[in-house]
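In what follows, a structure is listed as structure tokens, so that the remarks can point back to it.
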Amino acid sequence: MKRILSVILVLFFAALACTIVPSTSTPIATSTPTSIPPTATHTAIPRPIDLTNRPLYWFAPLPPQIDAYNGSDDFMDLFLSDAPWEQTANYIQVFKLYGGWAARDSTNAQLRQAIQAIRQRGLALAVELGPLNPTDECGLFIEGFAGEEGVETVRRIKAAGGDLNLIAFDEPYYYGHFYDGEQACNWTAEKIAQDIDSFIQRVRLEFPDLIIGDIEPLTGAADAQAHNDWLDTFRAVNGYDLAFLHLDIDWSDTRWPQKVKVIEEYGQQTGVPIGVIYTGNFQDETDEAWLSIAGERVKRYELESAGNLDHVIFQSWNDKPDRALPESEPFTFTGFIKTYFEDKSALGFQLQSNTNVALKRSVRVSRLIEGYGGESAVDGDPGTSWSSGDDAPQWIEIDLGEAYDIRQVRLLPSQYPAGATVHRLRGRGPGTGGTFIDLYVFEGETEDSKWLAHTPPEPWSGIQVIRIESAASPSWIAWREIEILR
């Protein structure tokens, strides 16, 4: 989640209605940056960088990772002079690099190539970094805690000939304050704000005009009020505002649009631009699935909820999409962005070609937690889920609207911890007086986000209502997705 410039910054700050004032704290001395030999620059004159656009549009595809998610296999092709995303590049203003890639995973030649290509397209250069330093007691290998590496990343970009325009912090408030797992720090918001200011002073020694904002998860106790309080605390401690706040949404809570609106409205009051990072899910098996789900989220906030974001960020930290190019195809990352600008309503699921007859059908459940209703098990999005909020026995029932011949059933559990489960699949035909018949029993070891599937030797005929009765599980009964394939 992460992006930056120089001359046009005056206009940018005026548009933001909030000036970043340098802190009076004493800067920490810096070491000599690692030298990266310069290369010949392009002779064509790039279009000017414009950071006054509202919304400001960011692009941050995931590069191939070492011992992690694969990312986009054609990531480096984005930086070829004839890369087929000319129109998409004209729509966006900021290209954001991941700090780990800029610091460690790129060769000198790759980093130079990316920096030059981004500038040549007239895009601002941003990077996503963790600003906090771990201590002997906490923070080691925790997101948001990469302070020294973050400083070295900025220096490496400078040594490669880059003019860094923006930095987006990698969730320091959440992981410094709310995170309660191994190596948790549980620092106060005031301490985190002070440490961030120290980091800002150090990186501004390299690029004095850096625009610096934050990315934070919207989840659990880190709710809308907590984020608004964070903006206030940062200002109170440091005497200036964060330049923006980007939200990493917990999509599993279907109330997320209302929560974003609360933060968005507060940002408008305080002059801090608010953005949303649109993503798919880590469980998505294809580029089409990942991008379709991201598109559904775009439509839900911008079309259905009438959201009015200051920043829009197209980003992935998942295995998908594998392909960033070309923009002429709908299920590449650049193709998705192009469609966003040219016909937003065309994003999302293409229902007319879907063989999943459970998709967006009527649902009844034994019980639920608010924000995790039965409709979430048939919305096509494994990032959401129905949760009963209780142990077995529980049930969920789907009315397919008419009778179908069913050739396969697929179930995606939301289950913590993994363990032995029993789920009985039952069905009946049309009419309220029909009798349920037993179709199949899923029994064995199951775990979160691992599909259960059954294909009967012959399709089940004349089925309109499917019921899943969960008789045993080590966790609350919950389903991420239920697919009934005709």
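Couplings 3J(HN,Hα) for the range 302-312, derived from phi with the Karplus relation 6.51 cos²θ - 1.76 cosθ + 1.60 (θ = phi - 60°), are 8, 9, 7, 9, 6, x, 10, 6, 7, 10, 10 Hz, where x marks Gly and Pro. The residue list T286, Q183, G335 was ranked by how far each Cα lies along the charge dipole of the chain toward its positive end, using unit charges on Cβ atoms, and G335 comes out on top. Size descriptor for the range 355-485, Kirkwood hydrodynamic radius: 14.4 Å (Cα pairs only, one decimal). Annotation: the residues T286, T421, sorted from fewest to most other C-beta atoms within 10 Å of their own C-beta, follow the order T286, T421. If the Kirkwood radius is taken over C-alpha pairs of the range 343-384, then at 4 °C and 1.567 mPa s the Stokes-Einstein diffusion coefficient equals 109 µm²/s. Proximity of backbone amide H atoms, modeled 1.01 Å from N, is registered between I211 and L5, L166, I167 at under 5 Å, excluding neighbours fewer than 5 places apart on the same chain. Beta bridges assigned by DSSP with both partners in the chain are antiparallel in approximately 55 percent of cases. Seen from all directions on average, the range 218-283 presents a Cα convex hull projection of 4.7 nm². Going from the fewest other Cβ atoms within 10 Å to the most, the residues R300, R156 appear in the order R300, R156.
Cα centroids of the range 147-222 and the range 49-103: 20 Å apart.
Of the residues T455, T332, the one with the fewest other Cβ atoms within 10 Å heads the list, and the complete ranking is T455, T332. Taking amide H as placed 1.01 Å from N in the peptide plane, the amide H of N133 sits under 5 Å from that of G147, each at least 5 places away or on another chain. For the peptides 117-123, 46-52, 130-136, the ranking by mean Cβ contacts within 10 Å, running from highest to lowest, is 117-123, 130-136, 46-52. With an 8 Å cut-off on Cα pairs and a minimum separation of 6 or more residues, tell me the relative contact order of the range 9-348 in percent. RCO, the range 9-348: 21 percent.
Per residue of the chain, the DSSP helices (runs of n ≥ 4 H) give a summed -39500 (n - 2.57) that works out to -7000 deg cm²/dmol at 222 nm.
Evaluated with a Cβ-only charge set (Lys, Arg +1; Asp, Glu -1), the chain carries a dipole of roughly 940 debye about its Cα centre, given to the nearest 20. Here the dipole of the range 56-120 is about 340 debye; that uses its Cα centre as origin and unit charges on the Cβ of Lys and Arg (positive) and Asp and Glu (negative).
The mean sequence separation of alpha-carbon pairs under 8 Å and at least six residues apart, normalised by the residue count of the range 263-317, gives a relative contact order of 46 percent. Calculated over the chain, the projected area of the Cα convex hull averaged across directions stands at 23.9 nm². Scanning residues 5 or more positions from D248 or on other chains, those with amide H under 5 Å from its amide H are E216, L218, with H placed 1.01 Å from N in the peptide plane. Relative to the longest principal axis of the Cα atoms of the chain, the long axis of helix 287-298 lies at roughly 80 degrees.
When you filter the GluC sites (Glu not before Pro) in the range 395-486 for DSSP loop state and at most 16 other Cβ atoms inside 10 Å of their Cβ, you are left with E447. Specify whether the C-alpha gyration tensor of the range 274-320 places it in the rounded, prolate or oblate class, a ≥ b ≥ c being the square roots of the eigenvalues: rounded for a/c under 1.5, otherwise prolate if a/b is larger than b/c and oblate if not. It is oblate, given that a/c is not under 1.5 and a/b is not larger than b/c. Here the range 353-486 is treated with +1 on each Lys and Arg Cβ and -1 on each Asp and Glu Cβ, and its dipole about the Cα centre works out to around 300 debye.
Every number here is computed from the coordinates shown, using simple stated rules; none is lab data. Every value quoted in this text rests on a predicted model; they were computed, and no experiment measured them. Methodologically, a virtual Cβ is constructed for each residue, glycine included, from the backbone with ideal geometry; neighbour enumeration extends over all protein chains shown.
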